[in-house]
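The structure appears below as structure tokens.
Read-outs throughout are calculated quantities, based only on the coordinates presented, and are distinct from any laboratory measurement. Note that the structure is predicted; figures quoted are calculated from it, not measured. When we count neighbours, we look across all protein chains shown, and the Cβ atoms used for this are built from the backbone with ideal geometry, even at glycine.
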Amino acid sequence: MGCSGCSTGRGSNNLPGGCKSNGGCESGGCNQLNVFDWLSNMDNPSSVDLPKLVEVRFKNGRKGYFNNVDNLSLNVSDVVAVESSPGHDIGTVSLVGELVRLQVAKKSIKDADILKIYRKPRQNDIDKWQEAMRLEKPTMTQARKFAIEYGLDMKICDVEYQGDKAKCTFYYTAEQRVDFRELIKIYATTFKVRIEMRQIGARQEASKLGGVGACGRELCCSSWMTDFRSVTTSAARYQQLSLNPQKLAGQCGKLKCCLNFELDSYLDAVMDFPETSINLKSESEEYFHFKTDIFKRLYWYICRTDRMKFIAVDIDRVKEVMAMNKRGEFPEEIIEIIEEEEGIEKELDYLNVVGQDDLTRFDNKKKKKSGKPSNKRNSNRKPNREVVAVEGNKPNPNQNRKPNPNQKSTNKPKPNNNPNAKKEDGDKPRKKPNSRPKRPLKKRAKDITKPESNSNKSSDNPKKED
């Protein structure tokens, strides 16, 4: 809400600081109450002789309709000097063409109230206009101090200078009637301009200040709403909303205007609903109304004897039971309890492929994959060897197990790769006390001892000669 529509960047060349489009939005800017000109490319032959009307925008959505007497070539966002009382005012053109005539007829503006456009402003007019806009914020601060000093129960919510600095308008809110005659004299002597006081309501104050609502969108009163209809608590009752003032109130402190948006749909839905004050009776129990589900057409009832018993009844069934009770009949099964059958899946109106709409998707624990160990570190560990005591103190066969000669030793000394380094006696690898010398792989122990045994046999038992 910047550009030329509010105090943050109102002017001919000033652009809002936070707008990435630099004030050139497709909707005509980020101003209040913008109107899309859907008749911009259409001409009405019957309105040739009629006066050319132009809509001019001022501060905070204040708009006026003026007659282009001199037939100036005006486009949207052009700055013009218009007639005012007293002097003249500076504004920005917001709408031209045939749509302006429809807006005038919609708001029932008389021809006598339509003023005229003087000219396009000169450079000194624009300088004086920008100087007047810079004075608005310090003027409002000083005006609030004066109101507090005089003890007046009022709040100065906005200040607007006229383009020629001849008049200053103060917008205020108050709960009761305020006598500010002395305050106006102080304002006139302090600011040296003509003073005008205008009282506005809380909703108009919120529309001028702007903001973001509880829904996360910009306030309706500052973006598109022009008329403020009265909102009552009955609108919340019809929509089955809890009467919590903190949730039903908007930023203005009044009931939210959006409570009236869907009220007509609820009124049409409950038109044929029976009265909720009538209890339903059966042969053994009695039920009274608890709540209503309008669009599902269900009444929820509670048993008078067992307060933990909730049942939902269709509207047609409620009418039928009420008619029976009126005739003095009490059915045995008064209410048809609606229960969802297990195993039947509900048909969805859309495909929830990823499951992003499931509120309990983070509550489900991850299932372990079958066939794979849960802890990878513990899976590679060797099982601990337990020493089992055997009767008779028999030795363990694996206790004096011989080492495998083919197994490579992992505790070999690192070789010295430096060719210039001299080998010393201390560099020789030390043998382990329990280590044995390596045996040759080609010959076995049996092959080595075999010839010795044959020679001994021949010496002991010499062969007889024939």
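Among the residues of region 220-240, none qualifies, meaning not one is in contact (Cβ under 8 Å) with a residue 60 or more places away in the chain and among the acidic types (Asp, Glu). Restricting attention to region 147-167 and to residues that are in contact with a Phe, Trp or Tyr (Cβ under 7 Å, 6 or more places away or on another chain) and not acidic (Asp, Glu), the residue that is farthest from Phe180 (Cα to Cα) turns out to be Gly163. From the list Asp272, Asp268, the one residue that fits, being free of Cβ contacts under 8 Å to residues at least 40 places away in the same chain and not hydrophobic (A, V, I, L, M, F, W, C), is Asp268. Taking the conditions (1) of a type in the set (A, V, I, L, M); (2) in contact with a helix residue (DSSP H, G or I) (Cβ under 6 Å, 6 or more places away or on another chain); (3) surrounded by fewer than 18 Cβ atoms within 10 Å (Cβ to Cβ) in turn, Ala105 satisfies each one other than (2). Taken over region 75-102, the residue count meeting the criterion of being hydroxyl-bearing (Ser, Thr, Tyr) and surrounded by 18 or more Cβ atoms within 10 Å (Cβ to Cβ) is 3. Restricting to region 139-174, name every residue that is in contact (Cβ under 8 Å) with a residue 40 or more places away in the chain and not in a strand (DSSP E or B). Residues satisfying the conditions are Thr139, Gln142, Ala143, Phe146, Gln162, Gly163, Asp164, Ala166. Selection of region 97-150 for residues being polar (S, T, N, Q) and either within 16 Å of Gln162 (Cα to Cα) or touching a His at 6+ places or on another chain (Cβ under 6 Å) (or both) yields Asn124, Gln130, Thr139. Scoring His289 on the criteria (1) loosely packed, with under 14 Cβ neighbours inside 10 Å; (2) more than 30 Å from Val35 (Cα to Cα); (3) in contact with a strand residue (DSSP E or B) (Cβ under 8 Å, 6 or more places away or on another chain) leaves a single failure, condition (1).
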